[in-house]
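The numbers here are math on the coordinates, done by the rules we state, and not lab data. What you see is a predicted model, and the numbers here were worked out from it, not measured in a lab.
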Amino acid sequence: MTVRHGLPWIHCVTLTVAVLTKGAVPDAAPSLVDRLIASYDPITSVSCEVRREELSPSGRTFRTLSGVFFQRPDRLHVDTSAPVRRVIVSDGEIFYSHVQGDPKGFSRPVAKLDLDMTISLRKVPGTAMDHLLRLRGIKEIELAPELDWPVRRGYDTDKVYAELRVDSQGRLGRIDLFTGVDRGKPTATFFYRDFYEPLPGVWIPRLHETELNTGGKTSRETTRFDNLKVNEPIAPVLFVAAPFFKGIQFENSFDKIYP
């Protein structure tokens with residue numbers, strides 16, 4: 001399965017843009033979401049290998065292997081070698097993407113990317129920022145602590161109820177998504193494990209495990225982040241698009257690529 005418009009380590013079942021429709025509620029102290037996002041501020045660059053394995057309800061397995069280079073602000077290079085070759089380059093101002101075999105590539109100024117692509121571009125690889133950025137500004141609901149999770153917070157959006165669990169070391173270890181505040185069976189659960197601390201107080205989970213429940217069927221996804229390097233130099237040429245897209249014509253809309 002190829003997700004053509006997103007980034008390869010992001011699954012499209014994350015919170016929808018509807019979570020932003022409720023007004024932000026000012027708090028005297030930073031929210032849990034804000035604190036978790038701010039904990040990654042010391043990171044200026046990341047390079048890693050991403051291995052993702054998805055098991056569908058039918059039993060089919062899909063595997064993706066990517067090399068990722070991330071640098072603030074808005075610089076990204078992703079080279080996916082399997083199952084289909086795909087290259088993404090953002091030089092800080094223009095975003096480019098091309099899938100091998102496609103007639104054209106996609107390109108658009110970073111300032112004009114939609115919300116999902118902007119979040120995918122700016123999340124720190126290996127973190128849960130793809131969820132956290134969508135919850136920023138949503139009123140938090142304090143929940144009773146659990147044995148393994150002394151900090152729990154809920155977020156009631158227009159279409160999704162999200163619950164975050166944080167362990168005794170302040171690490172986000174689990175996110176549950178529900179269709180409503182009644183919190184029946186979760187539609188998606190994200191587990192974060194094998195934490196790595198590249199900088200004091202900065203935790204990156206190198207193992208992500210996802211369970212998706214749709215129509216009574218469950219699919220599972222495992223993503224591993226290997227050879228993580230944080231705040232180490234990255235060759236500037238990786239963020240120059242031209243050498244990686246020779247002869248490729250670009251469009252600013254997917255409708256023009258896949259009519």
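Can you work out ³J(HN,Hα) from phi for every residue in the range 67-74, in order, using Karplus 6.51 cos²θ - 1.76 cosθ + 1.60 and θ = phi - 60°, giving whole Hz and x for Gly and Pro?
x, 10, 10, 10, 8, 7, x, 6
Checking the cross-link filter: which lysines have an alpha carbon closer than 26 Å to that of K112, excluding same-chain neighbours under 8 positions apart?
Straight-line reach from K112, under 26 Å: K22, K104, K123, K159, K246, K256.
The range 152-226 to the range 67-131: how many Å between their Cα centroids?
If we compute the Cα centre of each part, the gap is 23 Å.
Tell me the mean residue ellipticity at 222 nm calculated for the chain from its helices only (DSSP H runs of n ≥ 4, each -39500 (n - 2.57), averaged over every residue, nearest 500).
-2000 deg cm²/dmol
Compute for the chain: radius of gyration divided by Kirkwood radius, i.e. Rg/Rh, restricted to C-alpha atoms, rounded to two decimals.
0.96
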